[in-house]
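Everything on this sheet refers to the single structure shown next.
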Amino acid sequence: MVNILCFNAGSSSLSYAAFRGQGEALALTFDGGVDLSAEDVVLLRPADGPARRLDVSDTSDFPAIACRILDAVERDTGEPSVIAHRVVHGGDRTAPAVDLTEDEMAALGTLAPLAPIHQPAALGPARAIAAARPDLRQVAVFDTAFHATLPDIARRLPLPETGATAGLRRFGFHGLSYAWAARRLRDVAPQRGRVVALHLSGGASACAIRDGRSIDTSMGATPLDGLMMGTRSGAVDPGLILALMQDRGLSADEVADLLWHRSGLAGVSGISNDTRDLIPSGAPEAEAALALFCRSAAKSAAAMAVSLGGFDALVFTGGIGAEQPEIRACICADLAFLGVRLDPDANARNDERISHPDAAIEIRAFAEQEEWIMAIETSRLVEGTA
């Protein structure tokens, strides 16, 4: 029996979930989170009781908040056996989970240039807990590990494998989300072996999944590649980056800020990075941003279909993918020529199965369960079955 506390840190949000059990028989005991861009409290939601609020208005420091969440959960459920952290970039690590020792944290920290808004956010809470509670075992669970099965043709980048570009390749991200989608589809539609999955949230990507294994994905060496996102540009002309620096005088830091923080939905619309704001806006700029976002997602989905040689199922996940029917309808309209056909009523209700009954391609919308996947992989490591 293990008691696992999972931390899932983003660039401006920190969510958590606590589980108790063994193997895959894990029961959720607590979950919640904080978005520092919108609120200054952490919701403490027990599985069998009313939610409480943990005031964190005196700090915006994720490591300190993580320590407070640990204390609060421990008072209610007892000391965790292990703490798991979602780490976006695992580099060449193929195991889904490893013990997060000081040496391992230092090694993972060297990958921060490839994931500058994600890697420090994950390692900060881990370091703070290690300092405050060195007795507690901590584990890293990687977004990149799901893509360890990429074949060479998907893994290679069109760059020399020597000099400054040595070791750079397509790593892929959102692996915990895709792992859950693959498991869920296996349970509800096991006959659908060729799957195009779209993780649509503040970050967005596409993945080609064959028989539960990743064979291609839209993100490359960094989580900046691929689809247009909330504030991230996604893939842009590399010559443009050179021109911005060589002709228009932008520094490397200014280009990084532009591509990571001031592009995507926010940059195109000038209104918001959140589709929930843009959809009801009616402003031409909002409509242009949404149209570009949906077309970017549809083109990436079609590219994944090439790697699969056709597809049997289309899966939407992530906050946008699971919850926003307008976005799904727009993307599916662009993919209609491939046989994608929505059931408008099921889509509007946010049902899990949203394809038309007569459609050859099954369409599903799955709420992501990243923390559950983290807990499963952590349990396997702790129990020695990984």
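Restricting attention to segment 152-165, report how many residues are open to solvent by 50 Å² or more (accessible area, probe 1.4 Å) and either of a type outside the set (D, E, K, R) or modelled with pLDDT under 95 (or both).
First, pick out the residues of segment 152-165 that are open to solvent by 50 Å² or more (accessible area, probe 1.4 Å): 152-153, 155-156, 158-164.
Those still in the list that are either of a type outside the set (D, E, K, R) or modelled with pLDDT under 95 (or both) too: 153, 158-164.
Number satisfying all stated conditions: 8.
Condition first: at pLDDT 95 or above and open to solvent by 20 Å² or more (accessible area, probe 1.4 Å). Now tell me which residues in segment 202-220 satisfy that.
Within segment 202-220, ARG210, ASP211, GLY212, ARG213, ILE215, ASP216 qualify.
Within segment 49-90, which residues are among the small types (Gly, Ala, Ser) and either assigned to a helix (DSSP H, G or I) or surrounded by fewer than 16 Cβ atoms within 10 Å (Cβ to Cβ) (or both)? First the steps, then the outcome.
Taking segment 49-90 and keeping what is among the small types (Gly, Ala, Ser), we get 49, 51, 57, 60, 64, 66, 72, 78, 81, 84, 90.
Listed by number, the residues that qualify are GLY49, ALA51, SER57, SER60, ALA64, ALA66, ALA72, GLY78.
In segment 224-270, which residues are surrounded by fewer than 18 Cβ atoms within 10 Å (Cβ to Cβ), in a loop (DSSP other than H, G, I, E, B), hydrophobic (A, V, I, L, M, F, W, C) and under 24 Å from the mean Cα position of the chain (by Cα)?
ALA235, VAL236
Restricting to segment 338-361, name every residue that is in a loop (DSSP other than H, G, I, E, B), open to solvent by 50 Å² or more (accessible area, probe 1.4 Å) and among the aliphatic types (A, V, I, L, M).
Here is the first cut: in segment 338-361, the ones in a loop (DSSP other than H, G, I, E, B) are 339-341, 343, 349-352, 354, 356-361.
Filter again for open to solvent by 50 Å² or more (accessible area, probe 1.4 Å), leaving 341, 349-350, 352, 357-358, 360.
Residue satisfying the conditions is ALA360 alone.
Would you confirm, using the coordinates I've provided, whether LEU136 is at pLDDT 95 or above, in contact with a Ser or Thr (Cβ under 6 Å, 6 or more places away or on another chain) and not acidic (Asp, Glu)?
On the way: at pLDDT 95 or above: yes; in contact with a Ser or Thr (Cβ under 6 Å, 6 or more places away or on another chain): no; not acidic (Asp, Glu): yes.
No.
Just checking, does segment 229-247 include any residue being β-branched (Val, Ile, Thr) and free of Cβ contacts under 8 Å to residues at least 12 places away in the same chain? Explain how you work it out, then say what you get.
Here is the first cut: in segment 229-247, the residues β-branched (Val, Ile, Thr) are 231, 236, 241.
Adding the requirement that they be free of Cβ contacts under 8 Å to residues at least 12 places away in the same chain leaves none.
The answer is no; no qualifying residue exists.
Taking the stated definitions as given, is THR144 in contact with a Gly (Cβ under 6 Å, 6 or more places away or on another chain), closer than 28 Å to VAL306 by Cα and touching a residue at least 40 places away in the same chain (Cβ under 8 Å)? Break it down into steps so the answer makes sense when it comes.
Working: in contact with a Gly (Cβ under 6 Å, 6 or more places away or on another chain): yes; closer than 28 Å to VAL306 by Cα: yes; touching a residue at least 40 places away in the same chain (Cβ under 8 Å): yes.
Answer is yes for this residue.
The values are calculated or read from the model by the stated rules, or taken from the named source; none is laboratory data. Model, not experiment: these values are computed from the prediction. In this analysis, Cβ positions are derived from the backbone assuming ideal geometry, glycine residues included, and neighbour counts consider all displayed protein chains. We work out accessible area using only protein heavy atoms, side chains counted, and drop any ligands, DNA or RNA first. Shrake-Rupley method; radii C 1.70, N 1.55, O 1.52, S 1.80 Å.
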